[in-house]
C-alpha cells in the first residue's frame, strides 16, 4: 500500500487540518466512524513522508537510499502549467523500486538505488505495470477516504453546533446568577476600598516626602560626580598631550638614529620592560636600553604605536612610572 497525496491540492491541505480536529473530537462524538480516524492518520503520515522524500534528489547513477525498506511513498506534483510529476518509491517483493513519471510517462527508474538505463526498462515492464496498478487503486481509495472524511466532518459540525447551543443556554443561566452575586460583592468591596484608599493616600504622602529627600541627596552626588569627571577629563587630556609630545620626540630619535628613514616609514613600534621592536624587528639590547632609559614613561608598561597610513594610534598599559 502506498502513502499518497497531491502537493498544491487544497482539499488535501484542508483535510490535514480538519483531520486533526476530527481526531480530537473522536472520543466526544459517538456517531463518528472509526474509518475516518484511520484515513486521517494515513493522510497525515502521507504528507510528512512525501515532503521529506521530495527533498532528496540526485543525478548520480547509484545513490544512497533510506535503510527503512518499508518507507513507501507516492508523491504527486502538479504545476500551474498542467504538468504532472509522479515520484514513486516502493518495496516490491523485497526490491526497492524508485521511479519518476512525467504526465504518467516513465522518465526515470532505479532498482535498489541503481539507475536503470531506458533501454533496459522492458525487463521490468511487468513489475512497473503491477506497481502502477496498485497506485491507481490507492488513488481511488484515497478519494473515497476524502469523501468519507467530508461526510464525517459535516456530521461533526452539526453535533458541535447543537452542543454549542446547549452550552450557550446553560451559560446564560449561569451568567445571570454570577451577575447577581457579583453586584453583592461590589457593594461590599466598595466600602472596603474607600477605607483602604484613605490609608494609601497617607502612605503615599510619606513616600513622596522621602523621595524628595532622596532626590536632593542624589542631585548633590551627581554634582560631585560631574566635578570629579571634569577633573579626570583634564587629567586624561594632559596625559594624552604628554604621550603625543613624547611620541614625536621618540620618532625624531628613531629617524636621527636611522632606525627608520622617516616618520611615515614607522608602521609599528612596541616597547616594554624586556624588549623593543620597530616595524616588527627586535632592536639590539644597546638600542633598547638607551630608549628604555630615555622613555621610561613608555617602557614602564606595555606600549605600542601603529601607523596604518590613514590613521595611527598609541596603545599603552603603563605601571606607576613618573615622566622622564
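Residues considered: 252, 205, 233. Of these, the only one that is under 27 Å from residue 314 (Cα atoms) and over 48 Å from the mean Cα position of the chain (by Cα) is 252. Just to be sure before I move on: is residue 172 loosely packed, with under 10 Cβ neighbours inside 10 Å and either touching a helix residue (DSSP H, G or I) at 6+ places or on another chain (Cβ under 6 Å) or part of a helix (DSSP H, G or I) (or both) in the structure I sent? Spelling it out, residue 172 is indeed loosely packed, with under 10 Cβ neighbours inside 10 Å and either touching a helix residue (DSSP H, G or I) at 6+ places or on another chain (Cβ under 6 Å) or part of a helix (DSSP H, G or I) (or both). Residue count for segment 273-307 satisfying the condition of being more than 20 Å from residue 240 (Cβ to Cβ), without any contact (Cβ under 8 Å) to a residue 40 or more places away in the chain and buried (at least 17 other Cβ atoms within 10 Å of the Cβ): 5. When the strands (runs of 3 or more DSSP E) confined to segment 46-104 are screened for residues that are in contact with a helix residue (DSSP H, G or I) (Cβ under 6 Å, 6 or more places away or on another chain), at pLDDT below 80 and over 19 Å from residue 129 (Cβ atoms), none reaches at least 1 such residues. All conditions but one from (1) in a helix (DSSP H, G or I); (2) more than 20 Å from residue 314 (Cβ to Cβ) apply to residue 261; the one that does not is (1).
The values are calculated or read from the model by the stated rules, or taken from the named source; none is laboratory data. Every value quoted in this text rests on a predicted model; they were computed, and no experiment measured them. In this analysis, Cβ positions are derived from the backbone assuming ideal geometry, glycine residues included, and neighbour counts consider all displayed protein chains.
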